Amino acid sequence: MADIAEPMAPPMVAASEWRGDLSIRIRRGAEYVAIPLFALVVSAILFSLFLLALGKSPIQFFQLVHQGGFGTAFSIQNTLQRAAPLILTALAVAIPARIGLVMIGGEGALVVGGFASAAIAIPLVTGKASPMVALIIMAIAGMIFGALWVGIAGFLRYARGVNETISSLLLTYIGIATMNFFVEGALRDLTNPNKPSTMPIGDAYMVGKIPGTDVHWGLAIGVLLAIVLHILMSRTTFGFAVRVTGGNARAALAQGIPVGKLIVICCLIAGACAGLAGFYEVAAIQGRANASLVAGYGFTGILVAFLARHNAIAIIPVAIMFGGLVASGGLVQRRMDLPDATVLVLQGLTFVVLLVSETLYGRFKIFQPPITADRT
């Protein structure tokens, strides 16, 4: 007798496997959202206890944060303006993190990039160059110097095995000291005796606003750059090589992946993002380089990147949230008679709780895929 053919099962198996893969992705994605949210809730509770110990109302504090960050059209625009550098400095942390580096030198790259933009603007402005050409050159200068600044830490990690966290932090203070040296010396604008600064670039050379808002174009560029880098890291062979290297550098080397080259490139991209943030701080906010560039955006960007799990797209809403927190600092200070640095205490507490919450991943059965028997 002829053999009776078995019913065709592959389509049903494939559909079952696809549903299983989807379930796994949903569970893991839920874990990446739930645990950071849990960390935020715990941080809010601990900070509320801190306020109660000071005799202040936690309810009033969070109401003022909402009002100062998102309560009015003016506060929303102020929040978005502060979110622009946070997006860029968070990307400066997230991109190296994909290859396994803890790079915290975004503040230094921002300062160096902003100073380079202001310094190169001096001959352009005095020479009456076209504003568009001048702004393009300033942006390129900021990105190049920011890229080189973080790239130094990446090269030291690759060539000499120097810890990138320590080197990037030290480079931050070196960058700030270098800016202060020139701003208070050779490049100081003598017409401004109150605060050491470089020569102002003038209104004609300032970056314009997004039509209909008081928010500069740095926000739109930051969002666009976050999308582009997300695609680069998740949808290209370069991004795949970076993720493989971040998972196991030795295995990547064994497969012939140029680990050292990837490390340096990721650091250059990160530094360029932070340097671009420095350019916008000069060309859209300050109009010159001075100590105001050291505003802490680079350090807050670390928290934004960690809370977003180094996902370039998730960085956008998280940066807006922290932009609102920063924007509300003045209102909290006036209404509750608290120091403006109170919001920094909340940020620091959130960062500590977030680091502790890293131990929770993989510990909850609800987020783990069900174990099924293998098919025979």
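Only the coordinates and a few stated rules stand behind these numbers; no lab work does. All of these numbers come straight from a predicted model, not from anything done at the bench. Cβ: placed from backbone, ideal geometry, glycine included. Neighbour counts: every protein chain shown.
Laid out as a table, the results:
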item	result
The range 57-336: C-alpha gyration tensor shape, a/c 1.5 cut-off, then a/b vs b/c	oblate
Counted charge near G329, where neighbours are those whose Cβ lies closer than 12 Å (Asp, Glu -1; Lys, Arg +1)	+2
Residues W149, W217, sorted so that the one with the fewest Cβ neighbours within 10 Å comes first	W217, W149
Stretch gain in nm, segment I227-V41, where the contour uses 0.36 nm per residue and the Cα spacing is subtracted	64.2 nm
Size of electric dipole in the chain: Cβ of Lys, Arg +1 and of Asp, Glu -1, about Cα centre, debye, nearest 20	160 debye
C-alpha center-to-center spacing [the range 296-353, the range 173-190] in angstrom	28 Å
Which of L338, L276, L49 has the fewest Cβ neighbours within 10 Å, and the rest in rising order	L49, L338, L276
Residue order, fewest to most surrounding Cβ atoms within 10 angstrom, among Y297, Y158	Y158, Y297
Spacing of the two label points (7 Å from each Cα toward its C-beta) at R309 and W217, in nm	3.5 nm
Amide N proximity, the range 306-329 versus S48 label position 7 Å along Cα-to-Cβ, cut-off under 13 Å	none
